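The values are calculated or read from the model by the stated rules, or taken from the named source; none is laboratory data. In this text the structure is predicted, and so the values were computed from the model without any measurement. So basically every Cβ, Gly included, is an ideal-geometry build from the backbone, and we count neighbours across all protein chains shown.
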Ligand SMILES: NC(=O)c1ccc[n+]([C@@H]2O[C@H](COP(=O)([O-])OP(=O)(O)OC[C@H]3O[C@@H](n4cnc5c(N)ncnc54)[C@H](O)[C@@H]3O)[C@@H](O)[C@H]2O)c1
Ligand SMILES: O=c1ccn([C@@H]2O[C@H](COP(=O)(O)OP(=O)(O)O[C@H]3O[C@H](CO)[C@@H](O)[C@H](O)[C@H]3O)[C@@H](O)[C@H]2O)c(=O)[nH]1
């Protein structure tokens, strides 16, 4: 099949590359020339494991091309995939200007029957708006489809090649057949539904996953008070197939380019229909609060933070990505700096992106984990990079000026703490706290 993908962010690039890997002829288009030049030089603008090799292989086979020429690329293809960004507006609503722009450019380039697939996450009704915009510019026949994307950053290639399900929202029999054929080799879980339901499935899925995270974070907070261990609680809960084991890792809350914006967008979508989505509003509030537990704990251990040096390990919102969009590290670092602390940070991959987006000028960027921890009054782990998990705690202890370690992602195990004098605090695991002044034991009255 001849496919053109518009947008070379995570979704556009990864899905375009994977469709070419499946034997299709793919052109990935972006209006940012620098991105296309990079891709044409064989460089990849994002850090995503496995992607560079796939791009190289498929370019070599002549199945994958990159272009800034949207018009010519649309003319060339039968299936056009829209994968442009839908960032938040200041009020939380999805900004659809990139979508509208792409639809109008597609409309102007139409030269025969095409299937216009939207993979971007868009509010209910947007695909119909796309249909209207294209029809305003062209009399050529076309169909639309909502095929939301569920890949995760860091595992985007394997998620795309082995998806849990493919959702195809369409009102056309031709689209059902063609898109089922396109995705058939990926999974047998191909669900064909109406367009509005497909759009809603994406928001509902992200909102539900965000809800799981805020739920387990609140359980963790209660575990700290009653002397239970949230990792054991999550493990025990996860065996219930109705609950499932995933997305029950307590920590400093979710960040990233999707959960924060999509939960806000769904609250707005509901609000526009006069529905107050109370549960999701709480999920967002709990998530925002959770990151500040790191600071509350530092203060309870060390008193005032003014003049103290705090080391930060991890700036990305999760490991295996250089994406820092909505990373909890921004607010934690800003708050520490406002309190008068000196902050030194290290991330194996995401530091450059963080620097470009962070307005804390005094933040010191370090080249190694050791440098960020060196002579610090406390060290906080904000991203669970494997590199951090493998550093012996005795070594960390020897680097620090004061032995305070706040593990915001529960990456260390009890046995690793043995033989250290570290004052250790993690999330919802009070039994592992070392040197922390414990609240009075919980007694059932
Ligand atoms: N990032 C993820 O992990 C992920 C996963 C699932 C779904 N989504 C959704 O997919 C969409 C894209 O996300 P992303 O993170 O890949 O976006 P992104 O913002 O990283 O990339 C979008 C790209 O589209 C390009 N673009 C915008 N308008 C264009 C136009 N008219 N012509 C050509 N190129 C244009 C931009 O230059 C940019 O490179 C969003 O709606 C997002 O919510 C993202
Ligand atoms: O048990 C967990 C799982 C995740 N997180 C955090 O949640 C955030 C998001 O993680 P993850 O979902 O792995 O990454 P994303 O790449 O943002 O992927 C989400 O957002 C994408 C964009 O919509 C969807 O396509 C994916 O299905 C959805 O998982 C990160 O900050 C994680 O640290 C937790 O705190 N605890």
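Please find, among 307, 314, 253, the residue that is more than 16 Å from ligand 2 (Cβ to nearest atom) and more than 19 Å from residue 87 (Cα to Cα).
Result of the check over 307, 314, 253: 307.
Could you check residue 197 against (1) within 23 Å of residue 258 (Cα to Cα); (2) over 20 Å from the mean Cα position of the chain (by Cα); (3) part of a loop (DSSP other than H, G, I, E, B) and say which number it fails?
Of (1) within 23 Å of residue 258 (Cα to Cα); (2) over 20 Å from the mean Cα position of the chain (by Cα); (3) part of a loop (DSSP other than H, G, I, E, B), only one is false for residue 197: (3).
Quick test for you: out of 25, 37, pick the one residue that is under 13 Å from residue 79 (Cα atoms), assigned by TED's automatic domain parsing to the domain that holds residue 87 and over 24 Å from the mean Cα position of the chain (by Cα).
After ruling out the rest, the residue left standing is 25.
Out of the helices (runs of 4 or more DSSP H) lying entirely within the stretch 42-157, which hold 3 or more residues that are within 24 Å of residue 322 (Cα to Cα)? Please lay out each step first, then the result.
Values: elements: 51-60, 70-76, 97-109, 126-137.
By residue number, 51-60.
Can you tell me which of 62, 23, 12 is away from ligand 1 (no atom under 15 Å from the Cβ) and either surrounded by 15 or more Cβ atoms within 10 Å (Cβ to Cβ) or touching a residue at least 40 places away in the same chain (Cβ under 8 Å) (or both)?
Matching residue, one of 62, 23, 12: 23.
Is it true that residue 250 is outside the structural domain of residue 10 (by TED's automatic domain parsing), assigned to a helix (DSSP H, G or I) and in contact (Cβ under 8 Å) with a residue 24 or more places away in the chain? Give the steps one after another, and end with the answer.
On the way: outside the structural domain of residue 10 (by TED's automatic domain parsing): yes; assigned to a helix (DSSP H, G or I): no; in contact (Cβ under 8 Å) with a residue 24 or more places away in the chain: yes.
No; evaluated as a whole, the condition is false for this residue.
Which condition does residue 210 not pass, out of (1) touching a residue at least 12 places away in the same chain (Cβ under 8 Å); (2) more than 10 Å from ligand 2 (Cβ to nearest atom); (3) farther than 30 Å from residue 2 by Cβ; (4) under 26 Å from the mean Cα position of the chain (by Cα), if it passes all the others?
It fails just one condition, (2).
Scan the helices (runs of 4 or more DSSP H) fully inside the stretch 288-374 and keep the ones with 2 or more residues being surrounded by 22 or more Cβ atoms within 10 Å (Cβ to Cβ).
Details: elements: 293-302, 328-338, 351-357, 369-373.
Those helices (runs of 4 or more DSSP H) span 293-302, 328-338, 369-373.
For the stretch 28-38: of the residues being surrounded by fewer than 23 Cβ atoms within 10 Å (Cβ to Cβ) and outside any loop (DSSP other than H, G, I, E, B), which is nearest to ligand 2 (Cβ to nearest atom)?
Taking the candidates together, the pick is 35.
Pull up the stretch 385-401, narrow it to residues that are in a loop (DSSP other than H, G, I, E, B) and touching a helix residue (DSSP H, G or I) at 6+ places or on another chain (Cβ under 8 Å), then point me to the one that is surrounded by the fewest Cβ atoms within 10 Å (Cβ to Cβ).
392
What is the one condition in (1) buried (at least 20 other Cβ atoms within 10 Å of the Cβ); (2) more than 16 Å from ligand 1 (Cβ to nearest atom); (3) closer than 20 Å to residue 89 by Cβ that residue 252 does not satisfy?
With respect to (1) buried (at least 20 other Cβ atoms within 10 Å of the Cβ); (2) more than 16 Å from ligand 1 (Cβ to nearest atom); (3) closer than 20 Å to residue 89 by Cβ, residue 252 is out only on (3).
Spot the failing condition for residue 191; the list is (1) farther than 19 Å from residue 21 by Cα; (2) crowded, with 16+ Cβ neighbours inside 10 Å; (3) touching a strand residue (DSSP E or B) at 6+ places or on another chain (Cβ under 7 Å); (4) without any contact (Cβ under 8 Å) to a residue 60 or more places away in the chain, and only one is missed.
The failed condition is (2).
Are there any pairs with C-beta distances below 8 angstrom linking a residue in the stretch 77-90 that is in contact (Cβ under 8 Å) with a residue 60 or more places away in the chain to a residue that is assigned to a loop (DSSP other than H, G, I, E, B) and more than 13 Å from ligand 1 (Cβ to nearest atom), with the two at least 6 apart or on different chains, and if so which?
These pairs meet every condition: 78/1; 78/113; 79/1.
Quick one: how many residues across the stretch 106-122 are buried (at least 19 other Cβ atoms within 10 Å of the Cβ) and within 13 Å of ligand 1 (Cβ to nearest atom)? Walk me through how you get there before you give the answer.
Kept after step one, since they are buried (at least 19 other Cβ atoms within 10 Å of the Cβ), are these residues of the stretch 106-122: 106-107, 109-110, 114-122.
If we keep only those that are within 13 Å of ligand 1 (Cβ to nearest atom) too, we end up with 106-107, 109, 117-122.
Going through the stretch 106-122 one residue at a time, the tally reaches 9.
If the requirement is being buried (at least 22 other Cβ atoms within 10 Å of the Cβ) and part of a helix (DSSP H, G or I), which of these qualifies: 266, 279?
So the residue among 266, 279 that is buried (at least 22 other Cβ atoms within 10 Å of the Cβ) and part of a helix (DSSP H, G or I) is 266.
Among the residues of the stretch 216-247, which ones are closer than 17 Å to residue 432 by Cα and either assigned to a loop (DSSP other than H, G, I, E, B) or within 16 Å of ligand 1 (Cβ to nearest atom) (or both)?
Residues satisfying the conditions are 227, 228, 229.
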